[in-house]
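Peer 1: Okay, handing you the structure first.
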Amino acid sequence: MKGLLIKDFRLLKNQKNFFILVFVMAVFLTITGGDESSPATFVLPYVGFVCSFFVLSTISYDEYDNGNAFLFTLPFDRKIYALEKYIFGIVTGGAGLLLILAFILIYTDGMAGAEQTGETLFTAGVSAALLFFFLAVMIPFQLKFGPEKGRIAMFIVLLGTMALVFGIVKLAGLDDSALREAARVMGRMGLSGVAAVCIAAAAAVMVISMFISARILEKKEF
Amino acid sequence: MLKLENVRKNYDRFTLECSLEVQPGCITGLVGQNGAGKSTTFKAILGLIHTDGGRITLLGKDTKALTTADKERVGVVLSNSGVSEYLTVRDTAAMLDGFYRSFDRADFLEKCRGYQLPVDRKIKEFSTGMKAKLKLLIAISHGADFLLLDEPTAGLDVVARDSLLGILREYMEEDENRAILISSHISTDLEGVCDDLYMIHEGRIILHEETDVLLGSYGLLKLDPEQYASVDQQYFLRVKKEPYGYSALTDQKQFYIENYPKVVIENSGIDDMITMMIRGERV
């Protein structure tokens, strides 16, 4: 695991310009975000989403020029490779989120007082859940189909899932009252409760995803 | 050290059916044409592909049961794959340090510098020869007991090949129980370093012999039609029609030297042997 993490962090150096660009964009969007709502509402999920791509790029680097064949002769288990990708994704995505969160807290608290802090922290929690969810969905596709086909397959499955959910909602005859009931439940839980549930749900999806990725790798030939 | 027993791998247009053995203290060569099954054999040993039958034992264990610690005892060079070319040698050293307990980072970097490999430049900027040297230095960097080297000299000039083979000889001298399985389509490389050779063709081992025997006892007879009709053919392994008559491969060169002094008999190099074994006909 240690060797894999070292490799991926060293590979990440190739992405440092991209990382700087993401950070600059996030800072710019925070500053120009407007007064009506916390800038975190858009910026944090954006950073979470973009940072999740760092781990995908390391998978592409591993696959480049048939590199996986040699990589998988090194002393580690295939399951460990899968696990490492999730850990690397959480660490890099989490670091990106924390960095921007710190900036937003300092900036908004400095400019407008601390009224928005609760909302910002809630958004950060939901963004972390989104990051987990992105990683959980994207990593198995990337491992199974590679960088190009993986993205296409992932979008097809996501669209299919959305269509399925939409179909279930229509067929089950769920209407506004169900939404209002959901909103009432969330209201009782409070912002931190909702964020915690989101993170827990995403983490559960991630654990399932990890098992799927490990299975994909066990079957893979190089 | 390594034993393959009836290992089978089926593809649509190719089937590997291979048995071979590498003894401790030996360098065993695997020769064959491109596409003969050399790389598939290596991949099967390394678990990079799933086999459809047979058994592979490495370091006394079934390869499916090898632990991470066991894998640390194996060094690998693959013909068409290496460490990520987006890393530098220094990055690679840091990575290997994380994988192998007996990896000596300072020694590795020193050896790389000794072989004129720039340690802070990305590997993708290296020449073919530099990449080949790096692959071999990585394979021997952690004191492995067994090396699996698939075409380590491919694409290299004579001087670079000789330098690489020198590294291998040095590696073997450090510990008499070490062993190497090496493949190459350049047979002269193998003649110089291998104790025994396996010849593979269309996924099957067609010949296994000690190198000394191959070079000492095997010979190529050049026969006109009359000689061909009159000589004893019981020691012919393969025969091929030639413009001048026939050429015949034998593993009893001395018999023909003594009994047929007028027949032209040449020492057969491994290349001749491969050609005869593949293109020649059984008698």
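The values are calculated or read from the model by the stated rules, or taken from the named source; none is laboratory data. Only a predicted model underlies this, so the values are computations on that prediction, with no experimental measurement involved. Note that each Cβ is placed from the backbone with ideal geometry, even for glycine, and that neighbours are counted across all protein chains shown. Quick note on the areas: whole protein, heavy atoms, side chains included, nothing else; ligands and nucleic acids left out. Shrake-Rupley method; radii C 1.70, N 1.55, O 1.52, S 1.80 Å.
Peer 1: Taking 8 Å as the Cα distance limit and 6 or more residues as the minimum spacing, I'd like the relative contact order of chain B as a percentage.
Peer 2: Details: 517 pairs, mean separation 59.5, N = 283.
Normalised by residue count, the contact order of chain B is 21 percent.
Peer 1: Also: Cα-based Rg of segment A:68-163 per 2.2 N^0.38 Å, rounded to two decimals? Walk me through the numbers on the way to the answer.
Peer 2: On the way: Rg = 18.0 Å, N = 96, 2.2 N^0.38 = 12.5 Å.
Dividing the Cα radius of gyration by 2.2 N^0.38 Å gives 1.45.
Peer 1: Moving on. Express the relative contact order of segment A:2-219 as a whole percentage, based on alpha carbon pairs under 8 Å and six or more residues apart in sequence. Walk me through the numbers before you get to the answer.
Peer 2: Details: 198 pairs, mean separation 59.7, N = 218.
Reported relative contact order: 27 percent.
Peer 1: OK, next. Within segment B:115-177, which trypsin sites (Lys or Arg not before Pro) sit in a loop by DSSP and count at most 14 neighbouring Cβ atoms inside 10 Å? It would help to have the intermediate numbers written out before the result.
Peer 2: Details: sites: B:Arg121, B:Lys122, B:Lys124, B:Lys131, B:Lys133, B:Lys135, B:Arg161, B:Arg169; in loops: B:Arg121.
Sparse-neighbourhood loop trypsin sites (Lys or Arg not before Pro): B:Arg121.
Peer 1: Mind running the shape call on segment A:159-222? Use the C-alpha gyration tensor, a ≥ b ≥ c as the square roots of the eigenvalues: rounded below 1.5 for a/c, prolate if a/b tops b/c, oblate otherwise. Working shown, then result.
Peer 2: Values: a/c = 5.28, a/b = 1.61, b/c = 3.28.
Cα axes put segment A:159-222 in the oblate bin.
Peer 1: Using a 1.4 angstrom probe, figure out how much accessible area segment A:2-219 has per residue, in square angstrom, rounded to the nearest whole. Don't jump to the answer; show the numbers that get you there.
Peer 2: Numbers: 11280 Å² over 218 residues.
Ligands and nucleic acids excluded, the figure is 52 Å² per residue.
Peer 1: Using a 1.4 angstrom probe on heavy atoms only, work out the carbon and sulfur share of the accessible area of segment A:2-219 in %. Show your work: numbers first, answer last.
Peer 2: Working: 8320 of 11280 Å².
For segment A:2-219, the apolar C and S fraction of the accessible surface comes to 74 percent.
Peer 1: OK, next. How large is Rg/Rh for chain B, to two decimals, with Cα atoms and a Kirkwood Rh? Please report the intermediate quantities before stating the final value.
Peer 2: On the way: Rg = 21.2 Å, Rh = 20.5 Å.
Radius of gyration relative to Kirkwood radius: 1.03.
Peer 1: Right, something else. Let me make sure I get this right: for segment B:1-91, a, b and c are the square roots of the gyration tensor eigenvalues over alpha carbons, sorted descending. Under 1.5 in a/c it's rounded, otherwise prolate if a/b > b/c, else oblate. Which is it? If you can, show how the numbers build up before the last one.
Peer 2: Working: a/c = 1.63, a/b = 1.22, b/c = 1.33.
Taking the square roots of the gyration eigenvalues as a ≥ b ≥ c, segment B:1-91 is oblate.
Peer 1: How large is the helix-only mean residue ellipticity at 222 nm for chain B, computed as the sum of -39500 (n - 2.57) over DSSP H runs with n ≥ 4, divided by its residue count, in deg cm²/dmol to the nearest 500?
Peer 2: Working: 11 runs with 99 residues, N = 283.
Calculated mean residue ellipticity at 222 nm is -10000 deg cm²/dmol.
Peer 1: Among the chymotrypsin sites (Phe, Trp or Tyr not before Pro) within segment B:200-265, which fall in a DSSP loop and have no more than 14 other Cβ atoms within 10 Å of their own Cβ?
Peer 2: Numbers: sites: B:Tyr218, B:Tyr228, B:Tyr235, B:Phe236, B:Tyr244, B:Tyr246, B:Phe255, B:Tyr256; in loops: B:Tyr218, B:Tyr235, B:Tyr244.
The qualifying sites are B:Tyr244.
Peer 1: Using C-alpha positions alone, give me the convex hull volume of segment B:159-283 per residue in cubic angstrom. Spell out each step's value before the answer.
Peer 2: Numbers: hull volume 16.5 nm³, N = 125.
Roughly 132 Å³ of hull volume per residue.
Peer 1: Work out the mean other chain Cβ neighbour count within 10 Å for the residues of B:42-53 and drop it here as an integer. Write down the numbers at each step before the final one.
Peer 2: On the way: counts 2, 4, 0, 1, 5, 5, 8, 4, 4, 0, 0, 0.
Counting other chains' Cβ atoms within 10 Å and averaging over B:42-53 gives 3.
Peer 1: Still on this model: Express the relative contact order of segment B:87-184 as a whole percentage, based on alpha carbon pairs under 8 Å and six or more residues apart in sequence. Provide the component values of the computation, followed by the final result.
Peer 2: Numbers: 98 pairs, mean separation 26.3, N = 98.
Normalised by residue count, the contact order of segment B:87-184 is 27 percent.
Peer 1: Modelled label-to-label distance, A:Ile106 and B:Val264, 7 Å Cα→beta-carbon offset: nm?
Peer 2: 8.6
Peer 1: Further question on the same structure: Which of the pairs A:Lys144/A:Lys220; A:Lys149/A:Lys220; A:Lys219/B:Lys43; A:Lys13/B:Lys122; B:Lys9/B:Lys38; B:Lys38/B:Lys71 have their Cα atoms more than 18 Å apart in this structure?
Peer 2: On the way: A:Lys144/A:Lys220 8 Å; A:Lys149/A:Lys220 16 Å; A:Lys219/B:Lys43 14 Å; A:Lys13/B:Lys122 12 Å; B:Lys9/B:Lys38 12 Å; B:Lys38/B:Lys71 21 Å.
Going by Cα-Cα distance, B:Lys38/B:Lys71 fall outside the 18 Å limit.
Peer 1: What distance in nm separates the simple spin-label points at B:Gln23 and B:Asp70, each placed 7 Å from Cα in the Cβ direction?
Peer 2: Here the answer is 2.3 nm between the modelled labels.
Peer 1: Let me ask another. From zero outward in steps of 10 Å, how is the percent of C-alpha pairs of the protein assembly as shown spread across the bins?
Peer 2: 4, 15, 21, 19, 14, 11, 7, 4, 2, 1, 0
Peer 1: Right, next: Just by accessible area at a 1.4 angstrom probe, what is the order of A:Val27, B:Val7 from largest to smallest?
Peer 2: From most accessible down to least: A:Val27, B:Val7.
Peer 1: To test your reading of the geometry: what angle, between 0 and 90 degrees and rounded to tens, separates the Cα axis of helix A:78-112 from the longest principal axis of chain A?
Peer 2: 30
Peer 1: Ignoring ligands, DNA and RNA, how much accessible area is buried between chains A and B, both sides summed, with a 1.4 Å probe, to the nearest 100 Å²? Let's see the in-between values first.
Peer 2: Numbers: alone 12800 and 14090 Å², together 24280 Å².
Chains A and B together bury approximately 2600 Å².
Peer 1: Could you tell me what percent of the DSSP beta bridges with both partners in the protein assembly as shown are antiparallel, to the nearest 5?
Peer 2: On the way: 38 of 57 bridges.
Restricted to the protein assembly as shown, the bridges split so that about 65 percent are antiparallel.
Peer 1: Need the C-alpha centroid separation for segment B:140-202 versus segment A:5-26, integer Å.
Peer 2: 39
Peer 1: Report, in degrees rounded to the nearest 10, the 0 to 90 angle that the Cα long axis of helix B:105-114 makes with the longest principal axis of chain B.
Peer 2: Relative to chain B, helix B:105-114 is tipped by roughly 50 degrees.
Peer 1: Counting only other chains, and only Cβ atoms inside 10 Å, what mean value do you get across the residues of A:60-73? Provide the component values of the computation, followed by the final result.
Peer 2: Values: counts 1, 4, 2, 1, 4, 7, 5, 7, 3, 13, 12, 5, 4, 15.
Taking all residues of A:60-73 together, the mean is 6.
Peer 1: Let me ask something additional. What FRET efficiency comes out for B:Ile278 versus A:Thr161 if R0 is 56 angstrom and r is the Cβ-Cβ distance? Round to the nearest 0.05. All intermediate terms of the calculation are to be shown ahead of the outcome.
Peer 2: On the way: r = 55 Å, r/R0 = 0.98.
For R0 = 56 Å, the calculated efficiency reads 0.55.
Peer 1: Under the definition of partner shielding as Cβ atoms of other protein chains within 10 Å of a residue Cβ, what is the mean value for peptide B:64-71?
Peer 2: Mean shielding count: 2.
Peer 1: Cα-based Rg (one decimal) and Dmax (whole number) for segment A:2-219, in Å?
Peer 2: 19.3, 57
Peer 1: So if I take the centroid of the Cα atoms in segment B:79-93 and the same for segment B:226-268, what is the distance between those two points in Å?
Peer 2: About 50 Å separates the Cα centre of segment B:79-93 from the one of segment B:226-268.
Peer 1: Follow-up. Return the calculated 222 nm mean residue ellipticity for chain A, to the nearest 500 deg cm²/dmol, obtained by summing -39500 (n - 2.57) across DSSP H runs with n ≥ 4 and dividing by the residue count. Working shown, then result.
Peer 2: On the way: 7 runs with 191 residues, N = 222.
Calculated mean residue ellipticity at 222 nm is -31000 deg cm²/dmol.
Peer 1: What whole-number value in Å² describes the accessible area per residue of segment B:71-129 for a 1.4 Å probe? The partial results should precede the final answer.
Peer 2: Values: 2560 Å² over 59 residues.
Accessible surface, normalised per residue, equals 43 Å².
Peer 1: Where is the GNM fluctuation largest for chain A (alpha-carbon springs, 10 angstrom cutoff): A:Lys16, A:Lys144, A:Lys170?
Peer 2: A:Lys170
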